[in-house]
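What follows is a set of notes on a single structure, which appears directly below.
The values are calculated or read from the model by the stated rules, or taken from the named source; none is laboratory data. Keep in mind it's a predicted model, so treat the numbers as computed, not measured. Methodologically, a virtual Cβ is constructed for each residue, glycine included, from the backbone with ideal geometry; neighbour enumeration extends over all protein chains shown. Remember, those area values only see protein heavy atoms, side chains included, never the ligands or the DNA or RNA. Shrake-Rupley method; radii C 1.70, N 1.55, O 1.52, S 1.80 Å.
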Amino acid sequence: MNSKRFPWPLFGAFAAMLVLGLPGLVDRLIYEHEHVGYGRIVPWGIWVAAYMFFAGLSAGAFLIYTLATVFRVERFRPLVGLALLTALVSLAVGVLFVTADLGRPDRAFFVLLHSNTSSVMVWLGWLYTAYGIILGLKLAVVLRPGFAERAAAGGGILPRVLALGYRPSPAQTAFDRRAEKVLGVGGMIVALVLPGNDAVGVLRPR
């Protein structure tokens with residue numbers, strides 16, 4: 001990569017914000033909600049609102065992907081990789097926000113380990129887990145031909161590993177297209193169900 005084109009000032013700003021935010025993260029993990037200072041300036045639902053924003057952004061980006069791969073809208077084909085990456089990153093950021101809203105973020109996995117099927121939170125946990133797995137698999141299917149091409153051009157060990165054994169052939173292309181379609185339909189169903197489940201979880205009387 002050309003060092004002149006790398007956005008070093010932006011990278012430095014993000015690194016500085018990360019360092020400045022670490023004390024707050026440590027305080028949040030140790031003292032939970034004690035020092036948050038909820039009120040007019042810091043409303044209780046701020047993390048939930050941010051989580052729902054990024055969850056909706058992830059679902060929207062994924063639907064752009066399905067328009068290209070499932071419904072064959074070719075004008076969206078160049079956006080496939082970017083849409084999938086946006087969906088995966090937005091999902092991770094949304095889950096990070098809702099985890100920060102928990103009184104004990106380290107117990108977030110209890111939702112999956114001790115499932116109560118009558119709980120909306122349990123359904124959200126399993127749906128987001130399935131959605132994340134689908135996004136990861138689809139991103140691997142989309143990106144591995146490019147990594148295989150880099151590996152063949154002498155790109156090193158990392159592209160060879162990330163190619164996941166991809167070998168260009170008509171059979172491989174046909175398999176990838178079937179995998180894209182199956183994962184696309186499954187992911188589309190989950191992406192459409194999640195916003196409604198989120199709304200139930202937020203609006204359901206406590």
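Average the reciprocal distances over every distinct pair of alpha-carbons in segment 122-181, invert the result, and give the Kirkwood radius in Å.
It works out to 12.7 Å.
Which of the GluC sites (Glu not before Pro) found in segment 1-97 are in a DSSP loop and have at most 15 neighbouring Cβ atoms, other than their own, within 10 Å?
Glu32, Glu34
Once both axes come from the Cα atoms, what is the angle between helix 46-69 and the longest principal axis of the chain, in degrees from 0 to 90, rounded to 10?
20
Would you kindly state how much longer the chain becomes between Ser115 and Val185 on full extension, computed as 0.36 nm times their sequence separation minus their alpha carbon distance, in nm to one decimal?
Gain in length upon complete extension: 22.6 nm.
Computed from these coordinates, which is Rg and Dmax of the Cα atoms in Å: (i) 16.5, 61; (ii) 20.2, 61; (iii) 17.2, 54?
It is the value labelled (ii).
For segment 50-149, which trypsin sites (Lys or Arg not before Pro) pass both filters: DSSP loop (anything but H, G, I, E, B) and at most 13 other C-beta atoms within 10 Å?
Working: sites: Arg72, Arg75, Arg107, Lys138; in loops: Arg72.
For trypsin sites (Lys or Arg not before Pro) across segment 50-149 that sit outside H, G, I, E and B with at most 13 neighbouring Cβ atoms in 10 Å, the list reads Arg72.
What accessible area per residue comes out for the chain, rounded to a whole number of Å², with a 1.4 Å probe?
I get 65 Å² per residue for this part.
Return the sequence-ordered ³J(HN,Hα) values of segment 92-98 in whole Hz as given by the Karplus equation 6.51 cos²θ - 1.76 cosθ + 1.60 applied to θ = phi - 60°, using x for Gly and Pro.
4, 5, x, 5, 4, 5, 6
What whole number of Å gives the distance from the Cα centroid of segment 106-160 to the Cα centroid of segment 34-88?
After rounding, the separation between the Cα centres reads 16 Å.
I need the phi-derived Karplus couplings for segment 106-114: 6.51 cos²θ - 1.76 cosθ + 1.60, θ = phi - 60°, integer Hz, Gly and Pro marked x.
Whole-Hz 3J(HN,Hα) from phi for segment 106-114: 5, 9, 4, 6, 5, 4, 8, 6, 10.
Which percent of Cα-Cα pairs in segment 65-167 sits in each 5 Å bin, short to long?
The distribution over segment 65-167 is 2, 11, 15, 16, 15, 13, 12, 9, 5, 1, 0, given as percents.
Run the dipole for the chain about the Cα centre, Lys and Arg Cβ at +1, Asp and Glu Cβ at -1, nothing else charged, and hand back the magnitude in debye, nearest 20.
680
Please report the carbon-and-sulfur percent of the accessible area for the chain; probe 1.4 Å, protein heavy atoms only, DNA, RNA and ligands left out.
Carbon plus sulfur share of accessible area: 73 percent.
If each of Asp101 and Tyr38 carries a label point 7 Å out from its Cα toward its Cβ, how far apart are those two points in nm?
1.1
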